[in-house]
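Taking it in order: structure first as structure tokens, then the write-up.
The values are calculated or read from the model by the stated rules, or taken from the named source; none is laboratory data. Keep in mind that this is a model prediction, so the values were computed, not measured. Note that each Cβ is placed from the backbone with ideal geometry, even for glycine, and that neighbours are counted across all protein chains shown. Areas reflect the complete protein model, heavy atoms only, side chains present, ligands, DNA and RNA absent. Shrake-Rupley method; radii C 1.70, N 1.55, O 1.52, S 1.80 Å.
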Amino acid sequence: MSQAPGAQPSPPSVYHERQRLELCAVHALNNVLQQQLFSQEAADEICKRLAPDTRLNPHRSLLGTGNYDVNVIMAALQGQGLAAVWWDRRRPLSQLALPRVLGLILNLPSPVSLGLLSLPLRRRHWVALRQVDGVYYNLDSKLRAPEVLGNEDGVRAFLAAALAQGLCEVLLVVTKEVEEKGSWLRTD
């Protein structure tokens, strides 16, 4: 498999793209799907389809550097025959049927910095979580390499910590069948 610019091969079986420009949504999509399926150009095309008659597209940065919104992520997944389901933060994480979920995409507040200078601003950042060979990984494109989260308990602990900080949104990436049946949610 060829690697995108900035992609990390370590651990060997885990695909991980590193952050470039404001393309965290593109990196999160590719990381959660474990292959390079999307590019900035593909995301820009989705933006044009979502808002065909607008001069300033509301689904991306005005500067054309990325910063795509959730609508682009959802449309990209739909184009792959997948769905994104919003996780209701009021539900206990024990109700999340992780074996039925392909991966997770989180939208988190992220600090802004200019070089070594940290600014008192927050932006939004897309992060992918995915199980590969029985192990869950944090595939944040700002990390140098995938971060091992471990088993289901590890990913639930990571999600609980992210949700506890507030302003975190979680999308479950699932097949259309899982979405239609609602089987991403435990009923027991």
Output yes when any residue across the range 70-80 is at pLDDT 90 or above, not in a helix (DSSP H, G or I) and not hydroxyl-bearing (Ser, Thr, Tyr), and no when none is. yes
Starting from the range 135-155, take each residue that is within 17 Å of residue 94 (Cβ to Cβ) and list its partners that are of a type in the set (A, V, I, L, M, F, W, C) and in a loop (DSSP other than H, G, I, E, B), counting only C-beta distances under 8 angstrom and pairs at least six apart or across chains. none
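Looking only at the range 98-109, decide whether some residue is farther than 19 Å from residue 77 by Cα, part of a strand (DSSP E or B), open to solvent by 10 Å² or more (accessible area, probe 1.4 Å) and at pLDDT below 90. Explain how you work it out, then say what you get.
Taking the range 98-109 first, the residues farther than 19 Å from residue 77 by Cα are 108-109.
Okay, now just the ones that are also part of a strand (DSSP E or B), so 108-109.
Filter once more, keeping what is open to solvent by 10 Å² or more (accessible area, probe 1.4 Å): 108-109.
Among the residues that remain, those that are also at pLDDT below 90 are: 108-109.
Checked against the condition, which is being farther than 19 Å from residue 77 by Cα, part of a strand (DSSP E or B), open to solvent by 10 Å² or more (accessible area, probe 1.4 Å) and at pLDDT below 90, the range 98-109 yields at least one hit.
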Cβ-Cβ below 7 Å, separation at least six or inter-chain, first residue in the range 160-188 and among the aromatic types (Phe, Trp, Tyr), second open to solvent by 50 Å² or more (accessible area, probe 1.4 Å): which pairs? 184/100
Determine if the range 166-180 includes at least one residue that is open to solvent by less than 60 Å² (accessible area, probe 1.4 Å), closer than 15 Å to residue 95 by Cα and of a type in the set (Gly, Ala, Ser). no
Residue set 126, 86; condition modelled with pLDDT of 75 or more, open to solvent by 40 Å² or more (accessible area, probe 1.4 Å) and of a type in the set (Phe, Trp, Tyr); output residue 86
